[in-house]
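The values are calculated or read from the model by the stated rules, or taken from the named source; none is laboratory data. Bear in mind the structure is a predicted one, so any value in this text is a computation, not a measurement. Heads up, the Cβs are rebuilt from the backbone with ideal geometry, glycines too, and the neighbour counts pull from every protein chain shown. Accessible surface areas use protein heavy atoms only, side chains included; no ligands, DNA or RNA. Shrake-Rupley method; radii C 1.70, N 1.55, O 1.52, S 1.80 Å.
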Amino acid sequence: MIKKIIPSSFNTKASKASDKNDDLCSGWWLEVGTANPPCIDFYGPFEGKAEAEVAKLEYV
């Protein structure tokens, strides 16, 4: 599954650390899950959905 993640708007601290965190959190991420053992991993961020689709072949 490919998801678009948007940084939280609840962050009230304006700091370089939070800006860096927002940059890391925003973008397109791959969600790869397994049934046994149950596990979910996220890979990214990617600049666009198309880039995430291409990268998906490396992780699945």
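Which one is most open to solvent (accessible area, probe 1.4 Å), of the residues in segment 28-41 that are more than 12 Å from Lys4 (Cα to Cα) and touching a strand residue (DSSP E or B) at 6+ places or on another chain (Cβ under 9 Å)? Spell out the reasoning first.
Taking segment 28-41 first, the residues more than 12 Å from Lys4 (Cα to Cα) are 32-41.
With touching a strand residue (DSSP E or B) at 6+ places or on another chain (Cβ under 9 Å) added as a condition, the list becomes 32-34, 39-41.
Details: Val32: 35, Gly33: 55, Thr34: 79, Cys39: 56, Ile40: 101, Asp41: 66 Å².
Filtering first and then ranking leaves Ile40.
Modelled with pLDDT of 70 or more, of a type outside the set (A, V, I, L, M, F, W, C) and in contact with a helix residue (DSSP H, G or I) (Cβ under 8 Å, 6 or more places away or on another chain): which single residue out of Gly33, Gly27, Gly44, Gly48 fits that description? Steps first, answer last, please.
Numbers: Gly33 fails: in contact with a helix residue (DSSP H, G or I) (Cβ under 8 Å, 6 or more places away or on another chain); Gly27 fails: in contact with a helix residue (DSSP H, G or I) (Cβ under 8 Å, 6 or more places away or on another chain); Gly48 fails: in contact with a helix residue (DSSP H, G or I) (Cβ under 8 Å, 6 or more places away or on another chain).
Matching residue, one of Gly33, Gly27, Gly44, Gly48: Gly44.
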